[in-house]
1. Just for the Cα atoms in the stretch 300-353, what are the lengths along the principal axes, largest first, rounded to whole Å?
2. Using packing as a proxy for protection, rank 265-277, 318-330 so that the peptide with the highest average count of other Cβ atoms within 10 Å comes first.
3. Taking the square root of 5 times each eigenvalue of the Cα gyration tensor, what semi-axes in Å does the equivalent ellipsoid of the stretch 202-269 have, largest first?
4. Quick one: in the stretch 247-353, what % of C-alpha pairs are over 24 Å apart?
5. If you rank Thr214, Thr295 by fewest surrounding Cβ atoms within 10 Å, what's the result?
Amino acid sequence: MKFASRAPDLTGTPVRTFERGLERAGSEVSIRRLQAFWSIAHTGSMTRAAKLMGVTQPSLSQQLAAFESAIGGQLFDRRTGKLELSELGASILARAEQVLRSVQELEDVLPAAGAIPRHTLRIAGAGSVMRALLPEAIRRLDLPLDSVDFDLHESSPGEVLEALYARRAAIGLVAAGSLPEAALNFRQVTLASDPYVLAVPEDLDLGSCTELGTLPAARQSVLNATLQFVFGTHHGHRIQDWYDRVLPANRTFARLRNFESMIEMARAGLGVCIVPALSLMDRGGSLQGLHLYHTGLEPRRIVALYPSQYQSVAPCRAMIAALVAAGESLTPPRIAPPPPFVTAALRQETSGD
């Protein structure tokens with residue numbers, strides 16, 4: 001998927017074609033069709049764009065075909081396995097973004113006819129972060145709650161960025177280390193430091209374990225059965241490297257898509273996992289059935305992302321302040337120091353370097 005690296009030349013032939021198309025199309029160029037075009041251009045995929053817009057793929061294809069018919073030009077070059085912006089599509093993308101941004105900003109502040117002015121706060125974020133921070137942040141929000149509507153979405157980091165670019169979210173809540181370079185287009189505010197912990201079944205007490213060989217064979221088997229979250233490549237390598245250094249006989253027992261499932265499988269005695277502390281802080285304080293140990297891994301930094309223009313919008317500004325306060329008020333779960341065999345393994349590796 002190729003994007004123009006700078007604003008298009010508005011005097012070029014593709015833009016004149018677009019403008020002539022608008023004259024012919026009239027009301028056929030609708031906001032919905034602009035959204036369809038933008039979503040496909042941003043994702044480079046009909047499937048992902050349909051998911052982003054919450055529509056079926058055939059419906060999205062119809063919107064794109066109607067838009068191209070209305071302006072009298074092809075917006076994408078169809079190549080095997082991907083869509084690339086045509087010259088015309090690249091030329092009008094910036095204009096489409098300006099229109100959609102203006103419409104979204106207007107919707108955020110424009111009340112319904114005859115209604116009391118209300119604000120909509122659209123927030124997308126990782127599930128563990130949303131559940132740990134949002135309730136307290138909303139409680140601390142310096143706005144009358146009857147004047148605010150909340151539109152909340154639990155999403156992967158990539159989906160959070162897409163929602164921010166599409167203006168389907170004003171604020172994104174994610175771990176900074178999970179963000180691609182594209183996130184640098186948004187302002188970042190640090191909310192919390194989230195340590196990684198080793199969660200093991202309650203009957204596997206490692207507090208005084210100095211050598212793995214001293215554990216019964218059944219306990220060693222559980223300790224070496226690792227439950228792994230499907231992280232991005234870099235993070236997955238970092239977690240696996242930790243296991244290889246500390247548990248040389250480890251094997252991946254299961255790969256999972258959310259921390260909650262990993263924690264429940266560890267609680268059931270099926271294996272061990274490394275999870276961020278925030279994933280344990282939204283469980284009503286109940287850590288029954290688990291032991292938690294520090295890992296020595298660098299904590300993840302939880303941030304709020306938002307477009308720079310929203311810092312002057314009162315509801316977003318108030319929400320960011322409330323999120324910062326909520327992050328400062330977090331009480332982490334009780335986490336024991338690293339077991340002696342973990343400390344020894346990490347120290348040996350460091351001295352070996």
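1. 52, 28, 8
2. Details: 265-277: 20.8, 318-330: 18.9.
The most tightly packed comes first, giving 265-277, 318-330.
3. Whole-Å semi-axes of the equivalent ellipsoid: 22, 15, 9.
4. Of the Cα pairs, 44 percent sit more than 24 Å apart.
5. Thr214, Thr295
None of the figures in this text is laboratory data; all of them are computed from the coordinates on show. Since this is a predicted model, take the numbers as computed values, not measurements. No Cβ is skipped: glycine too gets one built from the backbone with ideal geometry, and neighbour counts run over all protein chains shown.
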